[in-house]
Amino acid sequence: MLSIGLIGVGHLGKIHLKCIQLAQAHYRLAGIFDTDRELAEQIAAEHGTKAYPTVEALIEAVEVVDVVTPTSTHFPVVKKALLAGCHVFVEKPLTETLEEARELIALSQSTGKLVQVGHVERFNPALLALGDVTIKPYFIEAHRLAMFNPRGTDVSVVLDLMIHDLDIVLKLAGEEVADVRASGVAVLSTTPDIVNARIEFRNGAVANLTASRVSLKNMRKVRLFQRDAYLSLDLLEKESQVVRLYDTDATTIPTDGQQFPLDTPRGKRIIHVDHPKSGPVNAIQMELESLADSIEQGIPVAVSIGDGYRALELAQRISDAVAETQARMPDTF
Ligand code: NAD
């Protein structure tokens, strides 16, 4: 059983608090800290826990900290926790800058303390359901559209929303990035609110991503096109679909799912449609529990500080590409 402290009890922090309490087989909640003292006292009273007067006091009292503060504060808070000998779960994105992320990686190595980054989509049932499906995409299409909410606008839509898909795309493509092109526009805030990025990988695979926080509806979809299959993930509805083509005499056509005959220029084929399921999942509880497993059993961290760094690095390349494109555009455009 690990003692844990929660830092930041705003919108997402309150959800983390419930998930820590659900993960009672792994964690004992020692208390919380928030710079908004009144909020911390109120949340502590509601959840039967203690509000610590300072972040230092909380960090001193626990083995693990869960950092759910605004992105711009991740670096100083995580640094303090690592230096005090705590393992850390930190919400995405890891930090605001690559320099900060590199310093935290060095600190994690020198202290031997683990850091897991909250790229929670890794625990989305739509992705988990793909379990044994071979993933080798030639082309990936990702759309993450959200209605406007001033929360999170301290950073661009790339760091706020697209970073979720960047982590997934890096994981699924399993390749080094060769080239990045991007365009974006600041509509309601002072940083880009809608961005489109084209990422080319070394093996020629391409990912085309759009993220918007000024949309009229919410959507989170990732579609993968590969030689033998089309995979569609609806991360909002937590559903996935796998469509495959088979020869009519193939013996490997699964007996479950739906089948449709199809005439193609290459002869008669069978389309097989499957909706793999992973069962109900509390993704935040699961990601927090996976850190406990890594600490207690030495299992590699599910979303490591290196994964967080790679997503941030790609986000930075996209932001640079957006700035470059904007600089070329005429003012009147
Ligand atoms: P929020 O503004 O609702 O809450 C942040 C809380 O942190 C506030 O209560 C604030 O008082 C407190 N705070 C600020 N600075 C602090 C400090 N130095 N020490 C302690 N407390 C401090 O923000 P939120 O929406 O809960 O987002 C928090 C983090 O979670 C951000 O990094 C964001 O990117 C991330 N997030 C992730 C997801 C996801 O899907 N994984 C979704 C939303 C937010």
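The values are calculated or read from the model by the stated rules, or taken from the named source; none is laboratory data. Because the structure is a prediction, the values reported are computed rather than measured. Note that we place each Cβ from the backbone using ideal geometry, even for glycine, and neighbour counts take in every protein chain shown. For accessibility, only protein heavy atoms count, side chains too; no ligands or nucleic acids. Shrake-Rupley method; radii C 1.70, N 1.55, O 1.52, S 1.80 Å.
Could you list, in sequence order, all residues of the range 225-258 that are among the acidic types (Asp, Glu) and within 14 Å of Glu141 (Cβ to Cβ)?
Here is the first cut: in the range 225-258, the ones among the acidic types (Asp, Glu) are 228, 234, 237, 239, 247, 249, 256.
If the condition is that a residue be among the acidic types (Asp, Glu) and within 14 Å of Glu141 (Cβ to Cβ), then Asp234 is the only one that fits.
Which pairs turn up if I take residues in the range 237-251 that are part of a strand (DSSP E or B) and look for partners that are among the aromatic types (Phe, Trp, Tyr) and open to solvent by 30 Å² or more (accessible area, probe 1.4 Å) with beta carbon separation below 7 Å, at least 6 apart in sequence or on another chain?
Val243/Tyr230
In this structure, is Asp165 within 12 Å of the ligand (Cβ to nearest atom) and under 17 Å from Leu291 (Cβ atoms)? Steps first, answer last, please.
Working: within 12 Å of the ligand (Cβ to nearest atom): yes; under 17 Å from Leu291 (Cβ atoms): no.
Criteria not met by Asp165.
Tally the residues that are surrounded by fewer than 16 Cβ atoms within 10 Å (Cβ to Cβ) and either within 16 Å of the ligand (Cβ to nearest atom) or of a type in the set (Gly, Ala, Ser) (or both), restricting the search to the range 283-324.
3
Among all residue pairs at least 6 apart or on different chains, which show Cβ distances below 6 Å where the first residue, located in the range 10-22, is in contact (Cβ under 8 Å) with a residue 24 or more places away in the chain and closer than 16 Å to Ala51 by Cα and the second is of a type outside the set (Lys, Arg) and open to solvent by 50 Å² or more (accessible area, probe 1.4 Å)?
Nothing qualifies.
Kindly establish whether Ala207 is out of contact with any Leu (no Cβ under 6 Å at 6 or more places or on another chain) and either outside any strand (DSSP E or B) or at pLDDT 95 or above (or both). Explain how you work it out, then say what you get.
Details: out of contact with any Leu (no Cβ under 6 Å at 6 or more places or on another chain): yes; either outside any strand (DSSP E or B) or at pLDDT 95 or above (or both): yes.
Here the answer is yes, as Ala207 does meet what is asked.
Show me the strands (runs of 3 or more DSSP E) entirely contained within the range 1-118 in which 1 or more residues are among the small types (Gly, Ala, Ser), within 15 Å of the ligand (Cβ to nearest atom) and in contact with a Phe, Trp or Tyr (Cβ under 9 Å, 6 or more places away or on another chain). Quick ask: steps written out before the conclusion?
Working: elements: 2-7, 27-33, 64-67, 87-91, 115-118.
It comes to 2-7, 27-33, 115-118.
Regarding the range 141-149, can at least one residue be identified that is of a type in the set (Asp, Glu), more than 14 Å from the chain's Cα centre (by Cα) and assigned by TED's automatic domain parsing to the domain that holds Ala211? Show your work before the answer.
Taking the range 141-149 first, the residues of a type in the set (Asp, Glu) are 141.
Still in the running and more than 14 Å from the chain's Cα centre (by Cα): 141.
Subsequent filtering for residues that are assigned by TED's automatic domain parsing to the domain that holds Ala211 retains 141.
Scanning the range 141-149 turns up at least one residue that is of a type in the set (Asp, Glu), more than 14 Å from the chain's Cα centre (by Cα) and assigned by TED's automatic domain parsing to the domain that holds Ala211.
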